[in-house]
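One structure is given here, and the rest of the page talks about it.
The values are calculated or read from the model by the stated rules, or taken from the named source; none is laboratory data. Nothing here was measured: the structure is a model prediction, and the numbers come from that model. No Cβ is skipped: glycine too gets one built from the backbone with ideal geometry, and neighbour counts run over all protein chains shown. Side chains are part of the model used for accessible areas, which takes the heavy atoms of the whole protein and leaves out ligands, DNA and RNA. Shrake-Rupley method; radii C 1.70, N 1.55, O 1.52, S 1.80 Å.
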Amino acid sequence: MSTLTERAGPTEPTEPTERAEPVEVAAGYRAGRTLPLRVELVRQLKRRRTLVMGAILAVLPFVLVVAFAIGGTPDGGPDGNRVNLMDTATASGANFAAVNLFVSAGFLLVIPVALFCGDTVASEAGWSSLRYLLAAPVPRMRLLWSKLIVGLGMSLAAMVLLPVVALAVGTAAYGWGPLEIPTGGALDPGTAAQRLVVVVAYIFVSQLVTAGLAFWLSTRTDAPLGAVGGAVGLTIVGNVLDAVTALGDWRHFLPAHWQFAWADAVQPTPEWSGMIQGASVSVTYALVLFALAFRGFVRKDVVS
């Protein structure tokens, strides 16, 4: 009897596994080399609005010198005592620089921050060049980081320009001397210069919330004026709400409530608690707004 042997039948052909098509990349292309900061900075510096904003900030100290020359030096309070920083404006170049920061921090210095951070992406969309930048191809995250870093850098430069020019103009007009404090006492020139650096740094940090708001709006609209105007308008609303004393402790959550906390730095014994709280509030709002800007722009359908 022959034994029957089982033979395996023909095996079914297996389907080939799918493999991702290799993405063709142009020779020499590096995402990290697209839109260098130097190129973006030069582009923004050559724009007319940058030159106009710089000229306004540089001219302000001269306008104040002329105003004091026409109207006379501040007389202080009714009894001749100096009761606020403005009364010491002509005491020295350091006082004059501090007064320029005092009169500008509430509104004038808000404008360059809103302009440089709010106009940056929206203007590209308004010119219909944003989609061509992304088709270069510039990665979206790379594009936003370049725009944001340059915008913040130019905002800081604007805040440095004003006190530097004011210090030079004030020293030429009123002499080099200690920074006199309205409540009594004075800071020697070296200490005053260090404190003014702290003041500028704090003003910049306190304006980060305006920068974040302007940058977020810039990624949401194709109208640069809408982004800039929206940031300035909401900053003004914050100032108005801070003036409503009925809000009580709720005002502590408003960045505007701490915008003049830097005055504690120009005292014989500086007080840092107010500036720490103000910086914390501003940075917190700014981080949230920057995150919203990046998250929304990455998912945005760019058609302009």
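Of the two radii for the range 162-202, the radius of gyration is 0.97 times the Kirkwood radius, both from the alpha carbons; that is the Rg over Rh value.
Backbone phi angles across the range 283-298, fed through the Karplus curve with coefficients 6.51, -1.76 and 1.60 (θ = phi - 60°), yield HN-Hα couplings of 5, 4, 4, 4, 4, 5, 5, 5, 5, 5, 5, 5, 4, x, 6, 4 Hz in residue order; Gly and Pro are listed as x. Across the range 196-207, rounded Karplus estimates of 3J(HN,Hα) from the backbone phi angles (6.51 cos²θ - 1.76 cosθ + 1.60, θ = phi - 60°) give 5, 4, 4, 4, 5, 4, 5, 4, 4, 5, 5, 8 Hz, Gly and Pro being marked x.
For Pro189, what is the net charge nearby, where nearby means another residue's Cβ is under 14 Å from its Cβ and Lys, Arg count +1, Asp, Glu -1? That sum, taken over residues with Cβ under 14 Å, equals -1. The stretch between Leu241 and Met141, if pulled fully straight at 0.36 nm per residue, gains 32.5 nm over its current Cα-Cα span.
Local charge sum around Gln44 (other residues, Cβ-Cβ under 10 Å, Lys/Arg +1, Asp/Glu -1)?
+3
In vacuo Debye scattering of the range 96-239, one point per C-alpha: log10 I(q)/I(0) at q = 0.14, 0.16 Å⁻¹? Rounded to two decimals, the profile gives -0.71, -0.84. Only Lys, Arg, Asp and Glu carry charge here, each on its Cβ (+1 for the first two, -1 for the last two); on that basis the range 246-304 has a dipole of about 360 debye about its Cα centre. Measuring with a 1.4 angstrom probe and ignoring ligands and nucleic acids, Ser92 comes out at about 0 Å² accessible. Enclosing the Cα atoms of the range 229-304 in their convex hull gives a volume equal to 127 cubic angstrom per residue. For the range 183-195, 3J(HN,Hα) computed residue by residue from phi via the Karplus equation (6.51, -1.76, 1.60; θ = phi - 60°) reads 7, x, x, 7, 10, 5, x, x, 5, 4, 4, 5, 5 Hz, glycine and proline entered as x. Oblate is the label for the range 155-260, because a/c, from the alpha-carbon gyration tensor with a ≥ b ≥ c as root eigenvalues, is 1.5 or above and a/b does not exceed b/c.
Descending by average beta-carbon neighbour count within 10 Å, the peptides 229-236, 54-61 line up as 229-236, 54-61, the highest first.
Think of the range 243-304 as having a plus end and a minus end, set by charges on the Cβ of Lys, Arg, Asp and Glu; of Val298, Tyr285, Pro255, Val298 sits farthest toward the positive end of this dipole.
Summing charges over neighbours of Ile149, with a neighbour being any other residue whose Cβ is under 12 Å away from its Cβ, gives +2 when K and R count +1 and D and E count -1.
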